[in-house]
Amino acid sequence: MVNRNGTSPPALDDVSKRIIEQLQLDGRMSYAAIGKAVGLSEAAVRQRVQRLIDNGVMQIVAVTDPLQLGFARQAMIGIRTEGDLEPIAEQLAEMPEVDYVIITAGSFDLLVEAVCESDDHLLELLSKRIRAVDGVRSTESFVYLKLHKQTYSWGVR
């Protein structure tokens with residue numbers, strides 16, 4: 001298995017997995033509290049967390065509600081392409097409205113999630129920028145009506 005950086009992911013021991021689980025419960029938990037839960041010193045937890053971040057195993061971020069920040073329109077966009085997928089995916093990933101790009105198998109070559117301020121903003125993104133990327137043949141948009149579930153705590157194996 002290869003991660004996003006093109007390297008093999010580091011093997012995680014049980015302590016690192018328990019640290020990740022603690023942070024999935026509360027991303028603001030102190031290193032001291034994590035250390036108490038997993039049996040390490042605060043300094044050891046700090047080092048392990050930094051190593052997990054540096055190796056791309058995890059990120060610690062604030063998850064926001066786009067509606068509360070003025071982004072009234074979210075959509076998943078299925079994209080059919082021709083040619084090499086990587087340069088197309090890279091161009092799409094540079095667009096500020098795009099929060100993730102997935103190369104996939106199936107009826108679409110790429111899936112892109114976009115967060116926009118309005119329907120007009122989404123239309124401009126689709127018509128003038130995404131469809132203008134060389135290699136994009138067609139798009140199909142799935143506009144979000146209501147977010148029913150969003151979770152980032154799928155655990156560790």
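The values are calculated or read from the model by the stated rules, or taken from the named source; none is laboratory data. If you're wondering where the values come from, they're calculated on a predicted model, not measured in any experiment. Because the Cβ atoms are built from the backbone with ideal geometry, glycine has one as well, and the counts that use them run over all protein chains shown.
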Response to the item:
Residue set L25, L92, L12, L110; condition without any contact (Cβ under 8 Å) to a residue 40 or more places away in the chain and either out of contact with any Asp or Glu (no Cβ under 6 Å at 6 or more places or on another chain) or not assigned by TED's automatic domain parsing to the domain that holds D134 (or both); output residue L110
Discussion item. Residues that are of a type in the set (G, A, S) and either within 30 Å of Q22 (Cα to Cα) or in contact (Cβ under 8 Å) with a residue 40 or more places away in the chain (or both): does the stretch 113-127 have at least one?
Written reply: yes
Worksheet item: From the list V101, V61, which residue is of a type in the set (V, I, T), more than 30 Å from S127 (Cα to Cα) and out of contact with any His (no Cβ under 8 Å at 6 or more places or on another chain)?
Response: V61
Discussion item. If I ask for residues that are over 18 Å from V61 (Cα atoms) and of a type in the set (D, E, K, R), which ones from the stretch 23-45 would you list?
Written reply: K36, E42
Worksheet entry | Subset of the stretch 58-81 [in contact (Cβ under 8 Å) with a residue 40 or more places away in the chain, hydrophobic (A, V, I, L, M, F, W, C) and crowded, with 16+ Cβ neighbours inside 10 Å] | F71, A75, M76, I77, I79
Worksheet entry | Every residue from the stretch 91-117 that is acidic (D, E) and surrounded by 12 or more Cβ atoms within 10 Å (Cβ to Cβ) | E97, D99, D109, E113, E117
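Just checking, which of L12, L52 is surrounded by 14 or more Cβ atoms within 10 Å (Cβ to Cβ), within 21 Å of T151 (Cβ to Cβ), at pLDDT below 95 and more than 20 Å from the chain's Cα centre (by Cα)? Let's see the steps before the verdict.
Working: L52 fails: more than 20 Å from the chain's Cα centre (by Cα).
After applying the criteria, what remains is L12.
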